Every structure is written in structure tokens, then in C-alpha cells.
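In what follows, a single structure is set out as C-alpha cells and then discussed.
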Amino acid sequence: MITGYLFLLVAILSEAAAAAMLKVSDGFARWQPGVLVVIGYALAFYMMSLTLQFIPLSLSYATWSGAGTVLMTFIGVMWFQEKLNRRAVFGILCLVLGVVLINLT
């Protein structure tokens, strides 16, 4: 089971890195970040396919999408100076709680 969560962690991190590079690529006008987008998403999907050998689809996907959303929010605030309001923070807390609850089942 630990192996599945390691694969899932790599899938989440590589997807988040690819999404950040998607913003940096400026609509693929800059080719270097664009290449990192393709590599990051390819790695994310490959790792997710390995994850599914150990963890059920519903649990894997909920964790991947929820943790990825939280991580991208953090990246957006820290590196792209995006702002969060109270509703957004509440939504993030709901996502975290939901992922934790799903993983406890």
C-alpha cells in the first residue's frame, strides 16, 4: 500500500509542476516551459496508472485531484501572487477534510 501512495505522491507533484509550467509557458509561446508541461503530465499519468495497481480508482482520483488543487492553490499564492478570500480558504479546508475522510474509509 505504501508503494501506491508513493506513486500517487509523484503523480500529484508532477501534475502540479506541469500545471505551473503551463502558466509560465504563456500559452505555449515559450517552448521551454511547454516541454516541461508535456513531460510533467506524461509522468503524472504514468504514475497514476501505477498507483491504480495498489489503490482503488475512487480513492486515488479523489486524493490526486483534491491534493493537486490544494497544492496548485498554494503555488498560485506563493509564486504567482494570486489572492485568496475567506470563501476560497473555506473551500480549500473542505477539500482537505474530504480527502482525509475518503482516505479513512
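The values are calculated or read from the model by the stated rules, or taken from the named source; none is laboratory data. All values reported here derive from a predicted model rather than from experimental measurement. Glycine gets a Cβ as well: all are built from the backbone with ideal geometry, and neighbour counts include every protein chain shown.
Assuming Leu104 fulfils every condition listed in (1) free of Cβ contacts under 8 Å to residues at least 24 places away in the same chain; (2) of a type outside the set (Phe, Trp, Tyr); (3) in contact with an Asp or Glu (Cβ under 6 Å, 6 or more places away or on another chain) apart from one, which condition is it?
Among (1) free of Cβ contacts under 8 Å to residues at least 24 places away in the same chain; (2) of a type outside the set (Phe, Trp, Tyr); (3) in contact with an Asp or Glu (Cβ under 6 Å, 6 or more places away or on another chain), the lone unmet condition for Leu104 is (3).
Evaluate the following for Ala62: is it surrounded by fewer than 18 Cβ atoms within 10 Å (Cβ to Cβ), touching a residue at least 24 places away in the same chain (Cβ under 8 Å) and of a type outside the set (Ser, Thr, Tyr)?
So Ala62 fits the description; yes.
Out of the residues in the range 65-93 that are aliphatic (A, V, I, L, M) and in contact (Cβ under 8 Å) with a residue 12 or more places away in the chain, state the one that is surrounded by the most Cβ atoms within 10 Å (Cβ to Cβ).
If we take residues in the range 65-93 being aliphatic (A, V, I, L, M) and in contact (Cβ under 8 Å) with a residue 12 or more places away in the chain, then Ala67 is surrounded by the most Cβ atoms within 10 Å (Cβ to Cβ).
For Ile55, are the conditions met, namely being surrounded by 14 or more Cβ atoms within 10 Å (Cβ to Cβ), more than 15 Å from the chain's Cα centre (by Cα) and in a loop (DSSP other than H, G, I, E, B)?
yes
Residues to consider are Gly76, Gly66; find the one that is under 15 Å from the mean Cα position of the chain (by Cα), part of a helix (DSSP H, G or I) and modelled with pLDDT of 95 or more.
After ruling out the rest, the residue left standing is Gly76.
Does Ala11 fit the bill of being over 18 Å from Asn103 (Cα atoms), under 11 Å from the mean Cα position of the chain (by Cα) and touching a residue at least 40 places away in the same chain (Cβ under 8 Å)?
no
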